[in-house]
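**Q** Have a look at the structure that comes next, please.
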Amino acid sequence: MKKLSVGNSISILVLIIFFVLTIVLEQFIAPTDRMNMLLVCLRQGSIFALLAVAMNLLNGFTGLFSLGHAGFMLIGATTYALFSMPLAERSIVFTWFSDSYVIRISFPEVLGNLLGGPGMIIGMLISIILAGLVTAAFAFLVGLPVLRMRSDYLAIATLGFAEIIRAIIMWQGLGPVTNAGNPLRSFTRTADLNVTIGGQTFGLITFTLAFLSAVCIFIIFLLVTSSYGRAFKAIREDEIAAEAMGINLFKHKQLSFCISSFFVGVGGALLAIFMGTVAPLQFRAAMTYEFLLIVVLGGIGSITGSIVGAMLFVFASMWWLRGLDSGTFLGLDRITIFGVNLGERVFVSGFRMVVFSVIIMCIVLFFRRGLCGDKELPYYVNKLRELIARKSKPKPEAGGADA
Amino acid sequence: MPDNVLRVDDLTMQFGGVVAANNVCLEVNKSEIVALIGPNGAGKTTAFNCITGVYEPTNGRVSLNGEVIAESFPQGKMKDLYKGENRGKYTQSVKLTPDRITYRGISRTFQNVRLFKALTVFENVMIAKHMRAKQNVFSATFRLNTKEEKRMREESMALLEEQKLDHLKDHIASSLPYGLQRRLEVARALATSPSLLLLDEPAAGMNPQETQEMAEFIHEIRDRYGLTILLIEHHMGLVMQISERIYVLDFGKMIAQGTPDEIRADQRVIDAYLGVAEDAAN
């Protein structure tokens, strides 16, 4: 085993601290607490991070500008919901198709009855993986025609396919399978998985979601740093040269598309767990743009960037800037300018998005290549160490750290 | 088994009504250095692109080590438009994508250097090694075959050392000076373990000294890796110095072939390059 570099080991340490914190925090913050928002944001943030990284794999590392994100997320979320909903609930959820619904198996329930608590977890994991596989299979079919196109055409075609997927899922004819656009709910969620030891219940929702996302992101990280990852980057840099170096363009594009979609499907399933209902109308193109924003914000071609971008996006839009919509924001609402009270007249519904746009514009202006460019966490750790080393013992010669 | 590595028969490439390469025939024997020359727009790069699979020829055949890698005849709209010769001589349709052809052993460099600019020197070479790596996505992602990855790294490193680029290993490709970028491109082409190397204007934009170094470099890689080399070049000094045989293209047609001395004395070549005086032509 190779020895880890300092940058890598500190990065791993940061991640471990993060996970321990999520577990500890969840035990102390009650759902009624104001700090509960932190947990909600952490949950959504980690799912968004996975979805953004999956998009980055395709758009940032392989250079395929695809906008089919929301459609594939919907497939993942729907598949998960369909295969994890308890049988007893189905006739209620499938209101209009109560006697004709097709899928009559629930993995968490079957395995839960068989093995108890752990069986339920395994069942959930099976459903999540199945969601990924189904999404990847659809991506394979969509990829056959679509990946022969380039740049803008690819974007338009994938955008179209995402809408087609949504339309098909909402189609009345498929009602017995997909519930035809009516929300799917009552499926197994992580709330069902809280561990009870000696009368004390431990919440693990945040940890479970963050951990599953982290595992997926780590797999993507491994892929990107492998030989295939290099081939993907070669395609991004120069298709003609990549082909001349023996890289089969279509095969590798299809590979990247399917793997990315697999993780988008998994992300969709996690999002379903987080939200509790799956309503196809939520998965519009606007959702794709949110992830595009995160990827561009974080840095195209940087996994760290996508994670940071996703967290910032979720925290800012869900929590920090919320006051801008409801009239209280850092005490600024008490200020009156030209007879206009900010709290009453300016901080009204919708102002949050105005501020948000301005922030994004600033980031795009001052960080041309996103917050992290195409660098990863260990790089920043090393940079930081260099900086500290230089501060603690100033060297007389300039440019001493150019190595 | 014919001892010619590359054999191009009656290659014609027509774009719409324009015949860019007309009935080009050439042979490259094992361990030879052969040059393809001609004035601008003569169809040299078109011929290269047909050989490497970037274009599908309109008519003709290309074979590598006796195996057909491209064969075509006028089809579809081209049936009526076709202005070339040898119609009906070829009846097969063999189409290989550039990556398949690279896999069979033809590697190339580009006229305007096409490196993976944002990647490091080392990554550039590693990417060329990807093709022959015995691994699939799964084993590569989960590091199940570290031996293979290690072998790729060692071979790439060795190649960079041989090309004296090892000290620049972690530099971004686009940050290298132009001459080194050219050298890196050759190193990258060598990393695919080719039997035939196509060099598209290797000395373009180089000063006399760099050109001289390039000439030695081409000789050296030919001997070291047992290569056969076909190159396009405008730089006559270089061409005459290193090539064993020369083909001359003009307006898509092969107008002459022979040793450097024969070509130097050929009136058609001189005319093609310098033009023919009005009264002399009449």
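What follows is calculated from the coordinates using simple rules that are stated; it is not laboratory data. Every value quoted in this text rests on a predicted model; they were computed, and no experiment measured them. All Cβ positions, glycine included, derive from the backbone under ideal geometry; neighbour counts span all protein chains shown.
**Q** What Rg and what Dmax come out for the protein assembly as shown when only alpha-carbon atoms are used, in angstroms?
**A** Considering the protein assembly as shown through its Cα atoms, Rg and Dmax are 31.0, 110 Å.
**Q** Here's another thing I want to ask about it. Under a straight-distance cross-link criterion of Cα-Cα below 30 Å, which lysines are reachable from B:Lys77, leaving out those fewer than 8 residues away in the same chain?
**A** Partners found: A:Lys251, B:Lys44, B:Lys89, B:Lys95, B:Lys253.
**Q** Can you list the residues, at least 5 places off or on another chain, whose amide H is less than 5 Å from the amide H of B:Phe110, using H built in the peptide plane?
**A** It is B:Asp200, by chain and number.
**Q** Let me confirm one metric for peptide A:228-239, namely the mean number of other chain beta-carbon atoms within 10 Å of its residues' beta-carbons.
**A** 6
**Q** Next question, about the same structure. Quick check on packing: order A:377-385, A:65-73, B:6-14 by the mean number of other C-beta atoms within 10 Å, highest mean leading.
**A** Ranked by mean Cβ neighbours within 10 Å, highest first: A:65-73, B:6-14, A:377-385.
**Q** OK, next. Residues of B:51-63, mean number of Cβ from any other protein chain within 10 Å of their own Cβ, rounded to a whole number?
**A** Averaged over the peptide's residues, the number is 1.
**Q** A follow-up question, please. So if we plug the beta-carbon distance of B:Lys95 and B:Glu213 into 1/(1 + (r/R0)^6) with R0 = 45 Å, what FRET efficiency do we get, rounded to 0.05?
**A** According to the calculation, E is roughly 0.70.
**Q** With a cut-off of 13 Å, note down the residues of region A:69-100 whose backbone N falls inside the zone around a label point 7 Å from the Cα of A:Met275 toward its beta carbon.
**A** A:70-81
**Q** I need B:His167, B:His235, B:His219, A:His252 ordered by Cβ neighbour count within 10 Å, fewest first.
**A** If I rank by nearby Cβ atoms, fewest first, I get B:His167, B:His219, B:His235, A:His252.
**Q** Extending each Cα 7 Å along its Cβ direction at B:Val68 and A:Val348, get the distance between those two points in nm, one decimal.
**A** 7.7 nm
**Q** Mind giving me the FRET efficiency for B:Lys77 and B:Asp223? R0 is 51 Å, r the Cβ-Cβ distance, nearest 0.05 is fine.
**A** Working from the Cβ atoms, E equals 0.60.
**Q** Here's something else I'd like to know. Which of the peptides B:243-254, A:253-264 is most tightly packed, and how do the rest follow, judged by the mean count of other Cβ atoms within 10 Å per residue?
**A** For the peptides B:243-254, A:253-264, the packing ranking is A:253-264, B:243-254.
**Q** Go through B:190-200, A:347-357 and give me the packing order, highest mean Cβ count within 10 Å leading.
**A** Packing order, densest peptide first, comes out as B:190-200, A:347-357.
**Q** Rounded to the nearest 20 debye, what is the charge dipole size of chain A about its Cα centre when +1 sits on each Lys and Arg Cβ and -1 on each Asp and Glu Cβ?
**A** That gives a dipole near 780 debye.
**Q** At what distance in nm do the modelled label points of B:Cys25 and B:Phe138 sit from each other, each positioned 7 Å from its Cα along Cα→Cβ?
**A** A separation of 5.2 nm, rounded to one decimal place.
**Q** Also, I was wondering about something else. How large is the translational diffusion coefficient of region B:115-193 in µm² per second when you combine the Kirkwood radius over alpha carbon pairs with Stokes-Einstein at 20 °C and 1.002 mPa s?
**A** After rounding, the answer is 168 µm²/s.
**Q** Starting from 0.36 nm per residue, how many nanometres of slack lie between A:Leu125 and A:Val364 once their C-alpha separation is accounted for?
**A** 82.2 nm
**Q** Hey, another quick one. Return the Rg/Rh value of chain A, two decimal places, where both radii are evaluated on C-alpha atoms and Rh is the Kirkwood radius.
**A** Dividing the radius of gyration by the Kirkwood radius yields 1.00.
**Q** Another question about this same structure. About the Cα centre, and with charges only on the beta carbon of Lys, Arg (+1) and Asp, Glu (-1), how big is the dipole of region A:1-157? Nearest 20 debye, please.
**A** 500 debye
**Q** With a Förster radius of 60 Å, plug the Cβ-Cβ distance of A:Leu332 and B:Glu262 into 1/(1 + (r/R0)^6) and report the FRET value to the nearest 0.05.
**A** Using R0 = 60 Å, I get an efficiency of 0.10.
**Q** Given charges of +1 on the Cβ of Lys and Arg and -1 on the Cβ of Asp and Glu, with all other atoms neutral, how large is the dipole of the protein assembly as shown about its Cα centre, in debye to the nearest 20?
**A** With only Lys, Arg, Asp and Glu charged at Cβ, the dipole is about 1960 debye.
**Q** Lysines within cross-link reach of B:Lys150: Cα-Cα under 18 Å, excluding same-chain residues under 8 positions apart?
**A** A:Lys2, A:Lys3, B:Lys129, B:Lys134, B:Lys169
**Q** Given chain B reduced to its alpha-carbon atoms as identical point scatterers, what log10 I(q)/I(0) does the Debye formula return at q = 0.08, 0.10, 0.14 Å⁻¹?
**A** -0.37, -0.57, -1.05
**Q** Further, regarding this structure: Could you tally the net charge around A:Val314, taking each other residue with its Cβ under 14 Å from the Cβ of A:Val314, Lys/Arg +1 and Asp/Glu -1?
**A** Counting the neighbours of A:Val314, the net charge comes to +2.
**Q** Here's another thing I want to ask about it. With just the Cα atoms defining each centre, how far is region B:91-170 from region B:34-59? Give it in Å.
**A** Region B:91-170 and region B:34-59 have Cα centres spaced 24 Å from each other.
**Q** Ok, one more. For region B:94-124, list residues with backbone N below 19 Å from a point placed 7 Å from the Cα of B:Phe15 toward its Cβ?
**A** From region B:94-124, the list is B:98, B:110-114.
**Q** Which of the aspartates and glutamates could a cross-linker bridge to B:Lys83, judged by Cα under 16 Å and excluding same-chain residues fewer than eight apart?
**A** B:Asp10
**Q** When the helices in chain A are scored as -39500 (n - 2.57) per DSSP H run of 4 or longer and the sum is shared across all residues, what 222 nm value do you end up with, to the nearest 500 deg cm²/dmol?
**A** Taken over chain A, the calculation gives -21000 deg cm²/dmol.
**Q** Return the percentage of antiparallel bridges among DSSP beta bridges fully within region B:159-282, rounded to the nearest 5 %.
**A** 50 percent
**Q** Along region A:335-351, what does the Karplus equation 6.51 cos²θ - 1.76 cosθ + 1.60 (θ = phi - 60°) give for ³J(HN,Hα), rounded to whole Hz, x for Gly and Pro?
**A** 7, 10, 10, 6, x, 9, 7, 4, x, 8, 9, 9, 7, 10, 3, x, 5
**Q** Hey, another quick one. Take A:Ala389 and A:Phe18, extend 7 Å from each Cα along the Cα→Cβ direction, and tell me the distance between the two endpoints in nm.
**A** Taking the simple label geometry, A:Ala389 and A:Phe18 are separated by 2.5 nm.
**Q** Per residue of B:127-136, count partner chain C-beta atoms within 10 Å of its C-beta, then hand back the mean as an integer.
**A** Across the residues of B:127-136, the mean count of other-chain Cβ atoms within 10 Å is 5.
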